[in-house]
Each structure stands twice: as structure tokens, then as C-alpha cells.
């Protein structure tokens, strides 16, 4: 199966980056797109995020071999219903959502009988909107594909090849397992960031704005994560609540153990934990998931 025409529904960071990556890599693929926001459609056309921006979702997906839904996970069902009348019978329907089991269920309900293969490119920034996309977003990053049981191997291979062509490393995984893994690696860290930044905001009257004024590196990184799209992350937590709550329970237990160690002046327990987590940081770098340069490789001004 060959993908020659890709329709992108939702032209923000991820959708725009897909279109730009297809163009930058010189792939023999025609891209079309649609976004529910007319201002986004206009800006996407100006930036050339896709070859042609359509005024309706139905028109955008006509003749598409692959349709990628790049909308918040809570809007997947609505987006699928909008494209349904224009789909080719053999079109592959995929997405970029950060929770997979709920998305698979929503798409299956909206598009019975369609070839649905959910996916999650594990790439992004705290930016959003049509100006946020860039062609190298997926380069060297994982894309986790979560096919349903009994999935036809031909479209699965075609979708995997598409993401590989964009520079991604592809992993095939069960949807429920994906949701558990991402709860640990992405969802809980975002929840912590949102919470600690909110706590700092609540303390502003007490600290006389010194929390913001004297933000150290750790807090600055939390604020970067907490600047992520609120609609997207609201939907992620609501659609992956089971895995998030399970992992949050584990985290709460570990946090309680840390409180106990600090209260009892157990320096050995603290040192052992910090030594173990430092080793994990080195493994993240060795796996190519971050930069070993200081401050995460960020460039500093003169």
C-alpha cells in the first residue's frame, strides 16, 4: 500500500509540522488540510503548512490515502464524524493524540468499519497554533503506533513507513500499555508542573512576587511545561484518567516516603534516591532523548 495523498485535520503545532516535514523531506505526497478555526486556516495557507487548505473537513479528506487527526483527544469523535462523508473506503485514519485507548474507541464509534490505526508522535513543544510548527519536530523522535487487534499489516506498514520518512523512530505498542507508559513519562510530569506553578501563584501574596522574580532553573523548567496548550492537556487527563490516577497513586506514595525521610533527617535515603535518579538521567541522554550539554543544550545570550 502506497500513501500518495495525506489529509491533515487540525493545523496547529503537530499538524503543521507534519505538513512542513513532508515538504522539507521532498516526499512524493500531496498534503491537504483543514482546521475548524478560519483564522488558523488562513494562517496555515500563508505559511504553506499544506499544499491546499480546504474550507470543509469533508473536502480536505477527499481522495486521501491517509487522514491524520491533529486535534485535542477530547475532540477526536467530533472530528471523525466531520470527515466521514468524504472518506475513501480504503483510507487509513490515524491521529497524533497522547492517549490511545480512548481515542481508538472514539474513532471506532464514529467511523465503524474504517481502517483505524492510532499513533502518537512523542514530540512537541509548549507552543501551539499554526505558527508553532517546524519541519524537524519529529526527527529522531519516537512515534508509537497502536494498531487494533487483527489490524491489516499492509496499512500498518504504510503508516509506519510514513512516520519513518518524517524522521521518526517507530514502535508498535498495545494502546493500554502506551497509556500507562505515557502516564509516567509525560502526563504525570505535566500534572506536577501545572500543580507546582499553580502553588507558586497562590503564594505570590505571601512571597511578595519573589517566587517569580527569583525563579531558579528548576522552577523555570516547570513553567515551560506548564505553558503547554490547556485544552490539549485537559483532554489528555480526562481521557487517560485510569492510568494517570494509577501512576499518581504510586507517585504520592513515593512522595510520602520522601517527606518521611526529610522529617526524620534520613540523609542516606535521600542520597540513595538522588544517586539512582541521576543514573536514570544519564540513561535518557544515552538513549538520545535529550542533550548532554548543560541546561539541556539551550543556547545562552552573550
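No lab work stands behind these numbers, since they all come straight from the coordinates. Computed from a predicted model, the values in this text were never measured in an experiment. Please note: Cβ atoms are built from the backbone with ideal geometry, for glycine as well, and neighbour counts cover all protein chains shown.
Numerical summary
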| quantity | calculated |
| --- | --- |
| Which of 40, 96, 103, 231 has the fewest Cβ neighbours within 10 Å, and the rest in rising order | 231, 40, 96, 103 |
| Angle between the chain longest axis and helix 13-24 axis [Cα atoms, degrees, rounded to 10] | 60 |
| Between 0 and 90°, nearest 10: helix 217-226 axis offset from the chain longest Cα axis | 30 |
| Relative contact order of region 98-203, defined on C-alpha pairs under 8 angstrom at six or more residues apart (%) | 29 |
| Tilt relative to the chain, helix 267-286 - C-alpha long axis, 0 to 90 degrees, to 10 | 30 |
| Average Cα contact separation per residue, region 5-173, under 8 Å, 6 or more apart, as relative contact order % | 24 |
| For the chain: relative contact order, % (alpha-carbon pairs under 8 angstrom, 6 or more apart) | 16 |
| Cα-projected label distance for residue 277 with residue 263, points at 7 Å along beta-carbon direction, nm | 1.9 |
